[in-house]
Amino acid sequence: MDHKQAARDFIENEKQFQLGVIPTEQSNPLTRGLSFKIKKDTAEGVKTILNADKYIPEVSAKCFESDAFKALVADLRRCIDQRRRFHFSSVGASGRMALQLDSTWRLFWHDMIKKLPLRAKEWVEIAECSNSFMTGGDRACVRSVENFEDYQTFGAQQTVDSGATPGDVLVVLAECSLSSSTIGSACKGADMGISTYYLYCNPKEILCEHLERARRVFSYDNITFLPLYVGNMAVAGSTRMQVTTVELLVAGVALELAAWDWLKDNLTEEELQAVGAGVLEPAEYSKQFESCVHQLQSGDALAGMAKAVEFEAETYTNKGLITYITHDYLQDILTDTT
């Protein structure tokens, strides 16, 4: 088949992969002219990208007030009480985020051993409540793995292979609800009787109008849906941008609230002081995120990011390579380096 035949075949027969009508695949008015701006002034280009985060505080705050979010927090708390497992499932950048959430959870509880060593066995048990998997497996964490995301059967099988059973919780970070593998994962979890949550970032009505796979997942009454549409991506089609940010915020807050709820019910005041932890009111997380974005858009923070961008661009222009080394921030900065 030559290129003309292949193009004709795609147009005529691959309707489910023609995504131009999906908002997150379209350009964002807030970043119009980005390539020209950043070429002229790196700092102004970085600021323009950050402008696209403007809807995240409002959308996340609305989510935190929802019954669906409160149910997620309660289910995570139940898993701690019963020593059940909660599983994070996703693909691509959000797949790496799933691994990051799992790693963050484990790091927190293992660090508790240093603070309250007499309860070490308990901390290890709670750390093991978390699990994660991504489409393409471990290899996809360091190198892009193509095609796997196009198959619902692959995501479904990974849910089975995760060892999830009824009584567990499955949290599917569906990005824009376009990847078949995450849909397969969610549907399989629901079919198995697992408490399943589906975070997605496109308008449901548009997804269901154009995509059969979306209609399938939204037909499940026993899946809890958390809508997080925060506008089109800063760079068209690059769903690892605001989508990954808002899902990390929402899922991360759910973990923090569940963990603290358990700690304050099971530790003495003296032990809580030794932990030195605490949480915000849910709505305050959205305000803090908004404040963080504003700080990044000016002063030393903006200048520093612009300098880093220019250094990295110059390195690549000169045929150089960059090696990222990280610990405390886990995969935060590694999510799109494959």
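A few notes on this one:
- Derived scalar couplings between HN and Hα for the range 33-38 equal x, 4, 4, 6, 5, 6 Hz in order, rounded to whole Hz, by the Karplus curve 6.51 cos²θ - 1.76 cosθ + 1.60 (θ = phi - 60°), x for Gly and Pro.
- Using heavy atoms of the protein chains and a probe of 1.4 Å, the accessible area assigned to H294 is about 110 Å².
- Highest-first packing order for the peptide set 258-267, 82-91 is 82-91, 258-267, based on the mean count of other beta carbon atoms within 10 Å.
- Residue order for F108, F289 - accessible surface, 1.4 angstrom probe, largest first: F108, F289
- Computed over protein heavy atoms with a 1.4 Å probe, the accessible surface of the chain works out to 51 Å² per residue.
- In order along the range 287-293, the phi-based Karplus estimate (6.51 cos²θ - 1.76 cosθ + 1.60, θ = phi - 60°) of 3J(HN,Hα) comes to 5, 5, 5, 4, 4, 4, 4 Hz; Gly and Pro are listed as x.
- Counting only DSSP beta bridges whose two residues both lie in the chain, roughly 0 percent are antiparallel.
- The apolar share of the surface of the chain, taken as the fraction of accessible area on carbon and sulfur atoms (1.4 Å probe, ligands and nucleic acids excluded), comes to 53 percent.
- Lys, Arg +1 and Asp, Glu -1 on Cβ, resulting dipole of the chain about Cα centre, debye, nearest 20: 440
- Length gained on full extension, K319 to S298: 4.5 nm, using 0.36 nm per residue less the C-alpha separation.
- With a simple spin-label model that places each label point 7 Å from the Cα along the Cα-to-Cβ direction, the separation between K70 and T153 comes to 4.3 nm.
- Extending 7 Å from the Cα toward the beta-carbon at both E209 and K115 defines two label points whose distance is 4.9 nm.
- Peptides 314-325, 150-161 ranked from most to least packed by the mean count of surrounding Cβ atoms within 10 Å: 150-161, 314-325.
- Summed residue charge, Cβ within 14 Å of I80's Cβ, Lys/Arg positive, Asp/Glu negative: -1
- Heavy-atom accessible surface of L296, to the nearest 10 Å², is about 50 Å², with a 1.4 Å probe and all protein chains retained.
- Our coupling estimate for the range 157-171, obtained by passing each phi through the Karplus curve with A = 6.51, B = -1.76, C = 1.60 and θ = phi - 60°, is 5, 5, 4, 5, 5, 5, x, 5, 9, x, x, 7, 10, 10, 10 Hz, Gly and Pro reported as x.
- Distant-in-sequence amide contacts of C201, defined by a placed amide H-H separation under 5 Å and a gap of 5 or more residues or a different chain, comprise C176, S177, L228.
- In terms of its C-alpha gyration tensor, the chain comes out oblate, because a/c is 1.5 or above while a/b does not outweigh b/c.
- Dipole of the chain [Lys/Arg +1, Asp/Glu -1 at C-beta], most positive-end residue of F225, A71, I126: F225
- Cβ-placed point charges (K, R +1; D, E -1), dipole of the range 20-145 about Cα centre in debye, nearest 20: 280
- Excluding same-chain neighbours fewer than eight residues apart, the lysines reachable from K319 by a Cα-Cα span under 28 Å are K37, K39, K40, K47, K307.
- Remark on A236: its backbone amide H falls under 5 Å from those of N28, a criterion applied only to residues 5 or more positions apart or on other chains, H modelled at 1.01 Å from N.
- Dipole of the chain computed with +1 at Lys/Arg Cβ and -1 at Asp/Glu Cβ about the Cα centre; of C201, Q273, S27, farthest Cα towards the positive end is S27.
- S132 long-range amide H proximity, modeled H, under 5 Å: F88
The values are calculated or read from the model by the stated rules, or taken from the named source; none is laboratory data. The structure displayed is predicted, hence computed values, not measured ones. Note: ideal-geometry Cβ built from the backbone for every residue, glycine included; neighbour counts use all protein chains shown. Surface accessibility is based on the protein's heavy atoms, side chains included, excluding ligands, DNA and RNA. Shrake-Rupley method; radii C 1.70, N 1.55, O 1.52, S 1.80 Å.
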